[in-house]
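The values are calculated or read from the model by the stated rules, or taken from the named source; none is laboratory data. Quantities reported herein were computed from a predicted structural model and do not represent experimental measurements. Ideal geometry is used to build each Cβ from the backbone, glycine not excepted, and the neighbour counts take in all protein chains shown. These accessible areas exclude ligands, DNA and RNA; they are computed on the full protein's heavy atoms, side chains included. Shrake-Rupley method; radii C 1.70, N 1.55, O 1.52, S 1.80 Å.
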2 protein chains.
Amino acid sequence: MSKYARPNVQNMQGYSWGEQPLDTETIKLNTNENPYPPSPAVDAALANLGAAALRVYPQPTADGLRDKLAKLHGCARNNIVVTNGGDEALRLALTTFVNPGGHFGMAEPSYSLYPVLAAIHDAQVVRVELEADWQLPESCADIWNRASVELACLVNPHAPSGTLTDAEDLRRVAAAMNGVLLIDEAYVNFVDPQRAYDATPLIEQDNVLILRTFSKGYGLAGLRLGYLLGHADLITTIIDKTRDSYNIDHISQVLGTAAIGDQAYARETWAQVRDARRLLAAQLGQLGLFSVPSETNFLLVDVIEQPVTAERLFQRLKGAGILVRHFSAPRLQDKLRVTVGTPAENHRLIATLTDLLA
Amino acid sequence: MSKYARPNVQNMQGYSWGEQPLDTETIKLNTNENPYPPSPAVDAALANLGAAALRVYPQPTADGLRDKLAKLHGCARNNIVVTNGGDEALRLALTTFVNPGGHFGMAEPSYSLYPVLAAIHDAQVVRVELEADWQLPESCADIWNRASVELACLVNPHAPSGTLTDAEDLRRVAAAMNGVLLIDEAYVNFVDPQRAYDATPLIEQDNVLILRTFSKGYGLAGLRLGYLLGHADLITTIIDKTRDSYNIDHISQVLGTAAIGDQAYARETWAQVRDARRLLAAQLGQLGLFSVPSETNFLLVDVIEQPVTAERLFQRLKGAGILVRHFSAPRLQDKLRVTVGTPAENHRLIATLTDLLA
């Protein structure tokens, strides 16, 4: 730790990322990647790329990709800013709309990166405890307004529980808030279409941002590509002022465009994940490992009335070559977050758990 | 402009990037790209990449690439953090070591992004005017210390003049400074080896960071890849705390490793740029367009005692399909910054200027 670092940086803890093993034998159900690779269209676009195109700077504002995204979402180019994964989108929202020393709102529990980003920026975190069923309390916007929250992040569907809050509820929160509401939709592609969830019309309000990522839905976690949808006033502030110039490299612009272009393939992987999720939840239930209904590509599994604790089960699965995620935070200590894998991976998980819990 | 943006963001001007035309007819001598494409080894690495590898998150800290860079520079992995281009490195240094409301030092004139990044972070800029020959005044560290500067950036070789400050002079500045000194070596690969310039031993001091980029020397501006060398205390603070998690995508890690691995190719392009620089400076001089000796891949050309102003000449070159850069800042208004191109590009520039100035 350097003595030259800002005091808030010296005093904070960094983000703790899930393990990324380099071997190919380990079954990785710990960081919520899509079990399916990106579309063949992405492979084709990659094969057509030559390194010579990398000699010059990329298009500074990723306009080609923004236009494709605008068409997909039925909005304008100026409602979209492309980012290096969802993480850059979160950081940009914080550094653009929250004053250092100011207040940042979040639900508890949720994505563990939020308070880390707030600490880097020296913002105070105002946590709203979720209800027992992981839903937002009615008083949420009031609590944030009383604390002068300048930006709040809500991940929906919720992580790590997988539950979905209705868009109408989010609209009420945003309308009541004095600051900006960022709806982190990292997992939205896996929501059952029968839920008819769609929060994108909320960007007509001047204080709503919606985060999307290619990491989960499009199987491109390794590419680091995400974007924010929002009111043009919010978005152009980021594009013209606070974003790193040339923040999106040429290859990401090309591959992202290819991925977005193959909606049929993406939708098929989402449907397969939903099917596998249903089956996995049922099979885990038969082992006494229950989870609330999930609209994401993971399940938050209760490890209660079992011969082992959640942490010990996490370790034993790891010993058997299967990585899942355990959090030591309150309300999560007796649970495991399990990414939905391919049918073969899920089968091996169930077989291993059957042995371990016997 | 959103009313939700921080006051400093509302009041600042964003960075003004050079034009990036999409056509291939324009001769681009305006943003200091390498005139030569990246190594064939980069092409081969790109051809070997499959999109399936992008399904999972990248190695979070780019350790494979860091190890190659450590070997190249004769330092340890913990002396290196890889960044999304040099721009991310600059932002990270600012947000890690400068308190909002605190002070950031720079020389005037220099890279026009520095004050923009300071404004985003709400830091006050303390400018030190360069001498007539673009060298640092002796009082530089004193001026910054009196203003409680927490971080200062010096680009060396200097942009936009192309002149080089000796490493020994930088060592003295760093030793006298109370804050961190970042030496921005974006153009260092083009320095004549006979100058025997090497500032990397300075990272043994606990307050020195050196910025490098793949954008210029390795012909990879489109990839957005750079890195900081520095004392392990400075570097690990950034890696463990303030960097975006997974900031470097998988493809950049692979292609960067390939580029670093082919030093012979890179050195050959640098030698060719130096040869072309010498010839171009001489030919421009014959047209009465003089420049100070440059150790970079650009020339800062005086447009004085000519039938046109520098700004008008910039416009006329643009009309003829040749982009160069004109800055309206003090001391630069009567100059043009011209990137050294391929021999064919430089030839067309000279032919066009001969016509325009006839």
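Points worth noting:
- Counting only residues that are among the charged types (D, E, K, R) and either closer than 24 Å to B:ASP240 by Cα or crowded, with 21+ Cβ neighbours inside 10 Å (or both), region A:136-154 holds 1 of them.
- Residue, surrounded by the most Cβ atoms within 10 Å (Cβ to Cβ), within region A:286-298, restricted to residues that are within 17 Å of A:PHE314 (Cα to Cα) and out of contact with any helix residue (DSSP H, G or I) (no Cβ under 6 Å at 6 or more places or on another chain): A:PHE298
- Criterion applied to B:THR309, B:THR269 was being β-branched (Val, Ile, Thr) and open to solvent by 20 Å² or more (accessible area, probe 1.4 Å), and the one residue passing it is B:THR309.
- A:ASN32 vs. criteria modelled with pLDDT of 95 or more, open to solvent by less than 30 Å² (accessible area, probe 1.4 Å), of a type outside the set (A, V, I, L, M, F, W, C) and assigned to a loop (DSSP other than H, G, I, E, B): yes
- Within region B:35-48, the only residue that satisfies the criterion of being within 25 Å of B:ARG77 (Cα to Cα), in a loop (DSSP other than H, G, I, E, B) and facing chain A (nearest Cβ under 7 Å) is B:PRO38.
- B:ASP240 falls short on exactly one of the conditions (1) touching a Gly at 6+ places or on another chain (Cβ under 6 Å); (2) closer than 21 Å to B:TYR187 by Cα, and that condition is (2).
- Here the condition is being in a loop (DSSP other than H, G, I, E, B), under 30 Å from B:ASN34 (Cβ atoms) and facing chain B (nearest Cβ under 8 Å); of A:GLN20, A:GLN59, it holds for A:GLN59 alone.
- Restricting attention to region B:110-135 and to residues that are part of a loop (DSSP other than H, G, I, E, B) and open to solvent by 40 Å² or more (accessible area, probe 1.4 Å), the residue that is nearest to B:ALA5 (Cα to Cα) turns out to be B:ASP122.
- If the condition is being touching a helix residue (DSSP H, G or I) at 6+ places or on another chain (Cβ under 6 Å), charged (D, E, K, R) and within 19 Å of B:PRO109 (Cα to Cα), then region B:302-358 contributes B:ASP334, B:LYS335.
- Residue match in region A:176-183 (condition: open to solvent by 30 Å² or more (accessible area, probe 1.4 Å), assigned to a helix (DSSP H, G or I), free of Cβ contacts under 8 Å to residues at least 12 places away in the same chain and of a type outside the set (S, T, N, Q)): no
- Residues being more than 10 Å from every other protein chain (Cβ to nearest Cβ) and assigned to a loop (DSSP other than H, G, I, E, B) - total across region A:66-95: 3
- Within region A:64-100, the residues that satisfy the criterion of being of a type in the set (S, T, N, Q) and open to solvent by 40 Å² or more (accessible area, probe 1.4 Å) are A:ASN78, A:ASN99.
- Within region A:191-308, helices (runs of 4 or more DSSP H) holding 3 or more residues that are more than 30 Å from A:ALA52 (Cβ to Cβ) and under 19 Å from the mean Cα position of the chain (by Cα): A:263-286
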